[in-house]
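Input: a single structure, listed below in structure tokens.
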């Protein structure tokens, strides 16, 4: 627990920051009422999703408007909150806003945190969150108040255990703060409780620094703004170093397992020489060799200008976007799941590698064999609890450096290149997950939590907290909720078809990518580097309250 004796000067100042609520929430939950829209359907696989969510499918979008709502204040309730998945700046403010929202309706309402993520629900580990407890966590980074975890509640035994513990604690609602997988878990629990006729509301809050949990109602997942500003400061510092030393090529891998939103946003903020967007690689069906040729071409052209330096950004999930690698990983996922028991009996990684090669189709076995052995072994590492390859452990930037180096050596022998290629590699991931939230994220997460309280008190089980109109001032944001089933599709996980929230990828016909495509040629050869510097918490709103370039391009494109 944080103590007054171990807070920094900035921490002390951030405790004094008061998040600004949207106008519709300012008078408290008892003074807003839900307005129901039209029935909804899932983004894909309608019949399959509907068959799984028989009790929660097709619910309407909800918006909140001013109006007396005495019903929410009649009975004091107990609510549980769980932080699930990877950390994101602003998690504590979700809890802060949730507590404030509950207390605005009835001072007797109580909030409890499940400790250590979803496993806390199964192990029944809780702590009461009071005004005194939250006091030293307001507007701070991290999830350390109640911690997080990646346990997935999916078996019938786990569902039964979750039900037993929540009923044992006499809780009326459960709020899941998480990304697409975590909120899929929330949707399944909401459906399970409905089916079991258990009167417990389950609400989700959109969290992920990756930025891939969004749609027209969820304009941004919280933490994306802060994390990309932190990464942009680091990349901007490297850009300045490049301009100063003028002798290295820096290959920077950025967080973003399944989408390239972070890389694109950091690209806008720093204007590096090469920015690889996974979604474009997939759409163009580029091979690994073609990507290497593209990078080498920029290196050669800059060398001819006397510039043996530069910077390249690559999303950590790039390797999954390359069609041939995507096919390889898909086959590996199935093989690792199918032969999990046998693989554990093998003596070493070399034996595992040989066994997997023998089971792969011929063309994929050849591809696997062509990779540097370190990368090939990294592709076989244990999957995460959701069955995904742990791409943060795959050193894609080193793979690119090694292969570009070989390409340049060949060009030198052919006398088509005479420059120097000295490289430095970086991975920026965990550095951005627990940063002190920007003013935007501090306001946004407080509003998301407060809004989640409104959904809880109005009995909106199976909904995701929605706060939109985010390029406006926070007091003008619009609040409501969308059914979690509305975002669902069916995907193959661990060899089985399962319902999951569909990831929002970078749209190649979207305004952000189109703006990037217009600028990247100039970035590649000219030194257009930008140096955004650290997050600003104090000063003019034009500096402290700016939103992401991605969000600005998206919203301007709607006008």
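Readers should treat all values here as calculations from the given coordinates under stated rules, not as data from a laboratory. Small disclaimer: the values here were computed from a predicted structure and weren't measured. All Cβ positions, even for glycine, are placed from backbone atoms using ideal geometry, and neighbour counts span all protein chains on display.
Once R0 is set to 35 Å, what does the formula 1/(1 + (r/R0)^6) return for the Cβ-Cβ distance between residue 283 and residue 127, expressed as a FRET efficiency to the nearest 0.05? The pair residue 283/residue 127 has a calculated efficiency of 0.15. Residue exposure proxy: 287, 151, 270, 130, ordered by other Cβ atoms within 10 angstrom of their Cβ from fewest to most, comes out as 130, 287, 151, 270.
Helical content of the chain, expressed as a calculated mean residue ellipticity at 222 nm, amounts to -13000 deg cm²/dmol (DSSP H runs of 4 or more residues, -39,500 (n - 2.57) each, divided by residue number, nearest 500). Annotation for the stretch 389-431 versus the stretch 297-366: alpha-carbon center distance of 15 Å. Between residue 75 and residue 170, what is the spin-label point distance in nm, taking each point 7 Å from the Cα along the Cα→C-beta axis? For residue 75 paired with residue 170, the spin-label model returns 1.2 nm. Each principal axis of the Cα cloud of the stretch 52-161 was evaluated for its coordinate range; sorted largest first, these ranges are 42, 41, 24 Å. Could you run the Debye sum over the Cα atoms of the stretch 441-559, one equal point scatterer each and no solvent, and tell me log10 of I(q)/I(0) at q = 0.15, 0.22, 0.24 Å⁻¹, two decimals? Cα-only, vacuum Debye calculation for the stretch 441-559: -1.00, -1.28, -1.33. Here the translational diffusion coefficient of the stretch 150-229 follows from Stokes-Einstein with Rh set to the Kirkwood radius across Cα pairs; for 20 °C and 1.002 mPa s it amounts to 157 µm²/s.
Work out, step by step, the length gained on full extension between residue 347 and residue 305: first 0.36 nm times the residue separation, then minus their alpha carbon distance; give nm to one decimal.
Contour length minus the Cα-Cα distance gives 9.9 nm.
Each of 174, 484, 234 has some number of other Cβ atoms within 10 Å of its Cβ, and from fewest to most they run 234, 174, 484.
Here, the stretch 371-481 has an Rg and a Dmax of 23.6, 72 Å when only alpha carbons are counted. Each residue, residue 26 and residue 324, gets one label point 7 Å from its Cα in the Cβ direction; the gap between the two is 6.0 nm. Relative to the longest principal axis of the Cα atoms of the chain, helix 511-525 runs at roughly 30 degrees. Neighbour counts of other Cβ atoms within 10 Å put 427, 176 in the fewest-to-most order 427, 176. Cα-based values for the stretch 269-387, radius of gyration first and Dmax second, are 17.4, 56 Å. Across the stretch 1-105, the mean sequence separation of Cα contacts (distance under 8 Å, 6 or more residues apart), normalised by length, yields a relative contact order of 31 percent.
Take the Cα gyration tensor of the stretch 147-288, multiply each eigenvalue by 5, square-root it, and list the three semi-axes largest first, rounded to whole angstrom. Walk me through the numbers on the way to the answer.
Details: eigenvalues 346, 52, 32 Å².
Value: 42, 16, 13 Å, ordered largest first.
Across the stretch 27-68, C-alpha contacts under 8 Å between residues 6 or more apart give a mean separation that, scaled by the residue count, equals a relative contact order of 61 percent. Measuring nothing but how far apart in sequence close Cα pairs (under 8 Å, 6+ apart) lie, relative to its length, the chain scores a relative contact order of 24 percent.
So if I take the alpha carbon set of the chain, get Rg, then get Rh from the Kirkwood formula, what is the Rg over Rh ratio? Ratio of gyration radius to Kirkwood radius for the chain: 0.99. Relative to the longest principal axis of the Cα atoms of the chain, helix 549-558 runs at roughly 70 degrees. Note on residue 18 and residue 525: their simple-model spin labels are 5.6 nm apart, each label 7 Å out from Cα toward Cβ. For the chain, the longest principal axis of the alpha carbon atoms and the long axis of helix 91-105 meet at an angle near 20°.
Quick check: convex hull of the Cα atoms in the stretch 310-356, volume per residue, rounded to a whole Å³?
113
Extension gain for the segment residue 293 to residue 5, taken as residue separation times 0.36 nm less the Cα-Cα distance, is 98.2 nm to one decimal.
Taking the alpha carbon gyration tensor of the stretch 97-191, what are the square roots of 5 times its eigenvalues, largest first, to the nearest whole Å? Each step should come with its number before you reach the end.
Numbers: eigenvalues 105, 51, 31 Å².
Semi-axes (√(5λ), whole Å): 23, 16, 12.
Here the stretch 219-317 yields Rg over Rh of 0.99, to two decimals, using C-alpha coordinates and the Kirkwood radius.
Peptides 198-206, 156-164 ranked from most to least packed, by the mean per-residue count of other Cβ atoms within 10 Å: 198-206, 156-164.
Between the stretch 110-154 and the stretch 481-559, how far is it from one alpha carbon centroid to the other, in angstrom? If you average the Cα positions of each part, the centres end up 29 Å apart. The length gained on full extension between residue 393 and residue 338, counted as 0.36 nm times the residue separation minus their Cα-Cα distance, comes to 17.6 nm.
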